[in-house]
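This report concerns only the one structure given below.
The values are calculated or read from the model by the stated rules, or taken from the named source; none is laboratory data. For clarity, every value in this text was computed on a predicted model and none was experimentally measured. When the accessible area is computed, the model is the full protein with side chains, heavy atoms only, and any ligands, DNA or RNA have been set aside. Shrake-Rupley method; radii C 1.70, N 1.55, O 1.52, S 1.80 Å.
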Amino acid sequence: MIRKRIPRQDDKVILELVELLLLPYARLTQPDLRVTLSVIRERMKGSSTYVASSGGRVPSGFITLREGRDAMSIDMLAVHPRAQGKGIGSRLMEHAERFSVLAGKDEIRLWVDDTNSQAQRFYASKDYVPIQYNSLIRCYQLSKRLQLKEK
């Protein structure tokens with residue numbers, strides 16, 4: 001089940017997933033980077049965050065979306081290693097794409113670390129293509145065009 005984030009219930013798990021899955025890559029270019037619960041909550045302000053959970057259990061993954069002027073952005077996506085390969089990431093991405101279309105955005109973008117080949121393969125399987133590379137943060141920006149529904 002994909003549901004809207006409940007801060008008191010989900011934020012500690014989101015922080016754990018960020019520390020486990022996202023920070024190791026970010027620290028390649030920012031070795032002293034530290035993230036706390038307050039930093040994560042501040043980063044999610046102004047965004048829409050959804051979690052994947054089953055039966056009211058602890059979330060196994062999450063996605064944070066930020067609406068831009070021209071496109072929707074996926075700010076963060078992480079799925080716990082024990083839950084990977086079970087379609088959770090795919091369901092979170094499908095949710096993000098539906099959310100984007102409902103918001104009237106025909107493009108969705110995200111950044112992925114150049115050393116995160118597993119994530120790059122995952123996004124490529126979802127038809128995301130590189131549109132630029134930032135050598136300072138060693139990340140590719142990926143994009144996917146979405147079909148807006150006719151009214």
Would you compute the Debye intensity of the chain from its alpha-carbon atoms alone, equal scatterers and no solvent, and pass along log10 I(q)/I(0) at q = 0.11, 0.13, 0.20, 0.21 Å⁻¹ to two decimals? -0.41, -0.58, -1.44, -1.57
Across all Cα atoms of the stretch 80-151, Rg and the largest Cα-Cα distance (Dmax), in Å, are 13.4, 42
If I take the Cα coordinates of the stretch 1-89 and project them onto the principal axes, what are the three extents in Å, biggest first? 37, 32, 26
Heavy-atom surface of the chain, accessible at 1.4 Å and reported per residue (Å²): 60 Å²
Report the number of Lys pairs in the stretch 19-151 whose alpha-carbons are under 25 Å apart, with separation of 8 or more residues or on distinct chains. 10
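Relative contact order, percent, of the chain when contacts are C-alpha pairs under 8 Å separated by at least 6 residues?
Working: 225 pairs, mean separation 29.9, N = 151.
20 percent.
For the chain, give me the percentage of DSSP beta bridges that are antiparallel, rounded to the nearest 5 percent. Please report the intermediate quantities before stating the final value.
Values: 27 of 30 bridges.
For the chain, the DSSP antiparallel bridge percentage is about 90.
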Sorting Val51, Val129, Val35 on solvent-accessible surface, 1.4 Å probe, most exposed first, gives Val129, Val35, Val51
